[in-house]
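Colleague: Supplied in structure tokens, the structure appears directly below.
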Amino acid sequence: MLYGPHVAVEFDDRILAHLQVVIAAKLRRGESTLFSWRDSLDSGDGRTTVWLHPLMDIAFKYYGHRKPTINTAWIDALMLEANKPSGLQLVEEPGTPEGVPRGHHNPISASGQPAH
């Protein structure tokens with residue numbers, strides 16, 4: 001996911017598809033919210049929070065060619081989080097034992113492109 005000129009974070013395509021549904025719904029209604037996630041261990045194991053606003057540029061980059069199946073229970077859980085004062089937080093997908101997913105930062109180079 002690319003947000004503005006300085007933030008790039010990678011999520012699994014399945015996670016990203018669910019985030020896109022929730023974020024697009026909020027932005028389509030003209031609503032702003034915070035979005036927070038835990039960083040992966042190789043990204044420092046911290047937390048990152050961004051302010052999502054309808055006027056900010058956001059892009060969703062998928063690496064697979066197949067569109068993931070959407071779990072409506074997970075959408076509902078994420079939407080509940082997005083409507084809290086603390087904003088959207090990644091939560092565990094209902095019915096899975098994997099735990100709360102983490103994001104992997106992909107630093108933006110001086111050209112504005114993700115650095116590899």
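The values are calculated or read from the model by the stated rules, or taken from the named source; none is laboratory data. Every value quoted in this text rests on a predicted model; they were computed, and no experiment measured them. FYI the Cβ positions are ideal-geometry reconstructions off the backbone, even for glycines, and counts take in every protein chain you see.
Colleague: If I go through segment 61-91 residue by residue, how many of them are of a type outside the set (S, T, N, Q) and touching a strand residue (DSSP E or B) at 6+ places or on another chain (Cβ under 8 Å)?
Modeller: 7
Colleague: Of all the residues that make up segment 70-102, how many are within 17 Å of Leu52 (Cβ to Cβ) and modelled with pLDDT under 80?
Modeller: So the answer is 0.
Colleague: Between a residue in segment 14-39 that is without any contact (Cβ under 8 Å) to a residue 12 or more places away in the chain and aliphatic (A, V, I, L, M) and any residue that is loosely packed, with under 14 Cβ neighbours inside 10 Å and part of a helix (DSSP H, G or I), which pairs come within a Cβ distance under 7 Å, given they are 6 or more apart or on different chains?
Modeller: Correct list of pairs: empty, since none qualify.
Colleague: Out of His53, His105, report the one residue that is surrounded by 13 or more Cβ atoms within 10 Å (Cβ to Cβ), touching a helix residue (DSSP H, G or I) at 6+ places or on another chain (Cβ under 6 Å) and modelled with pLDDT under 95.
Modeller: His105
Colleague: Also: When segment 49-58 is examined, which residues are found to be in contact (Cβ under 8 Å) with a residue 24 or more places away in the chain and either closer than 17 Å to Leu78 by Cβ or aromatic (Phe, Trp, Tyr) (or both)?
Modeller: Thr49, Val50, Leu52, Ile58
Colleague: Here's a check for you: in segment 56-72, which residue that is surrounded by 12 or more Cβ atoms within 10 Å (Cβ to Cβ) and not hydroxyl-bearing (Ser, Thr, Tyr) is farthest from Glu92 (Cα to Cα)?
Modeller: Residue satisfying both the conditions and the ranking: Met56.
Colleague: With the condition kept exactly as written, say whether any residue in segment 25-47 is among the acidic types (Asp, Glu), buried (at least 16 other Cβ atoms within 10 Å of the Cβ) and modelled with pLDDT under 90.
Modeller: yes
Colleague: Any residue in segment 63-80 that's under 12 Å from Ile15 (Cβ atoms): show its pairings with residues that are part of a helix (DSSP H, G or I) and of a type in the set (Lys, Arg) at Cβ separation under 6 Å, as long as the two are six or more apart or on different chains.
Modeller: From residues that are under 12 Å from Ile15 (Cβ atoms), the pairs are Pro68/Arg14.
Colleague: Please give the number of the condition Asp42 fails out of (1) part of a helix (DSSP H, G or I); (2) closer than 19 Å to Val91 by Cα.
Modeller: Single failed check for Asp42: (2).
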